[in-house]
Amino acid sequence: MCYLRSAVEEYYTFAIEIAKKAGEILLDLYPRAHEIHYKGSINIVTEADLKSEGLIKRAIKEKYPDHNILAEESGLEGRYEGFKWIIDPLDGTTNFAHGFPWFCVSIALEVDGEICLGVVHNPIFKETFSALKGKGAFLNDRPIKVSKNEQMLKALLATGFPYNIHEQPEPVVSRFNKVLKLARGIRRAGSAALDLCYVACGRFDGFWEERLYPWDTAAGLLLVEEAGGMVTDFKGDPYSIYEKEILATNGLIHKAMIDILKIRDLQT
Ligand code: IPD
Ligand code: CA
Ligand code: CA
């Protein structure tokens with residue numbers, strides 16, 4: 001249950017403020033040379049990921065010292081239960097490192113397993129996407145809704161590729177091939193959190209990806225749901241940020257997408 005409404009609204013205002021502050025750090029570091037460290041052969045982390053995460057965590061600890069934190073670069077601090085902030089300090093690290101201006105900060109608050117609020121801030125475009133459970137989804141404070149398109153042939157979709165794609169290209173590639181032949185277009189822009197927000201505001205009709213983590217989707221999930229969209233796994237079962245498959249659409253093309261993403265003889 002999302003706790004007292006007034007308290008949640010205070011957390012919401014705090015999350016928006018802190019996402020914008022973290023965005024300023026990213027903007028400041030973006031034009032400079034980056035320190036690149038490797039978490040895997042193509043999975044990198046920069047000084048900006050660490051500085052953004054540090055700022056967000058310090059702010060949470062100062063204001064809400066008894067809350068738990070799950071952040072991409074430092075893992076879980078505290079417990080999984082109760083109040084838990086879920087942070088991707090820089091979603092789109094590869095873009096950031098290459099000077100491709102497409103990245104964001106993503107912050108969500110989960111309370112006893114339920115996402116109560118989500119904020120995704122794109123500092124380059126100065127676009128702040130936010131959602132409060134039961135209160136709607138917003139882009140720079142204006143309400144947003146998913147698209148009304150019902151046809152795959154008119155659908156602009158988004159997806160992403162996991163960092164272990166070299167070792168395990170299937171079934172990611174097969175699914176990509178199938179969707180490619182049926183949709184108007186697919187974008188792979190490199191930030192799952194922004195992909196979800198773009199579904200929420202109707203710029204994309206749908207998004208799918210596998211092998212993601214809670215910090216990639218926690219905020220965007222609530223954005224899509226509060227904007228009237230649908231989020232499930234590839235089979236149409238309820239989505240959990242702790243599972244690896246996400247399908248988020250305007251609801252109207254959801255069934256068609258489930259049929260397309262079915263791959264016989266292959267397991268994820
Ligand atoms: C990545 C981005 C990308 C997605 C990857 C994610 P990161 O997050 O969201 O779009 O395809 O699967 O890991 O590493 O930039 O925070
Ligand atoms: Ca991410
Ligand atoms: Ca990240």
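Quick notes on this one:
- Tail weight of P(r) past 15 Å, computed on alpha-carbon pairs of region 108-204, percent: 68 percent
- Largest-first principal axis extents, alpha carbons of region 1-113, Å: 44, 26, 21
- Among the protein heavy atoms of region 109-265, carbon and sulfur supply 53% of the accessible surface, probe 1.4 Å, non-protein parts ignored.
- Taking 0.36 nm per residue of separation and subtracting the Cα-Cα distance, full extension of the segment from residue 213 to residue 98 would add 39.2 nm.
- Cα-centre dipole for the chain with unit charges at Cβ (Lys and Arg positive, Asp and Glu negative), debye to 20: 900 debye
- Loop-resident sites, region 164-267, for chymotrypsin sites (Phe, Trp or Tyr not before Pro), counting at most 14 other Cβ within 10 Å (DSSP): 242
- Surface/4 of the Cα convex hull for region 179-239, nm²: 4.4 nm²
- Structure note, pairs 126/178; 63/135; 20/262; 133/181; 21/148: Cα-Cα distances above 30 angstrom occur for 126/178; 20/262; 133/181; 21/148.
- Computed with a 1.4 Å probe on the full set of protein chains, the accessible area for residue 147 sits at about 20 Å².
- Residue list for region 186-210, given a label point 7 angstrom along the Cα-to-Cβ vector of residue 125 and an amide N cut-off under 20 Å: 186-209
- Ellipticity at 222 nm from helices only: DSSP H runs of n ≥ 4 in the chain, each -39500 (n - 2.57), divided by the residue count, give -10000 deg cm²/dmol.
- Stretching the chain fully between residue 33 and residue 235 yields a gain of 68.4 nm (0.36 nm per residue, less the alpha carbon separation).
- Alpha-carbon Debye profile of region 152-265, log10 I(q)/I(0) at 0.24 Å⁻¹: -1.58
- With semi-axes defined as the square roots of five times the eigenvalues of the C-alpha gyration tensor, the equivalent ellipsoid of the chain measures 28, 22, 17 Å, largest first.
- In nm, spacing of pseudo-spin labels at residue 21 and residue 243 (7 Å Cα→C-beta vector): 3.6 nm
The values are calculated or read from the model by the stated rules, or taken from the named source; none is laboratory data. Since the model is a prediction, treat every value here as computed from it, not as a measurement. A quick note on method: Cβ atoms are made from the backbone with ideal geometry, for glycine too, and the neighbour counts reach across all protein chains shown. The accessibility values were calculated without ligands, DNA or RNA, using every heavy atom of the protein model including side chains. Shrake-Rupley method; radii C 1.70, N 1.55, O 1.52, S 1.80 Å.
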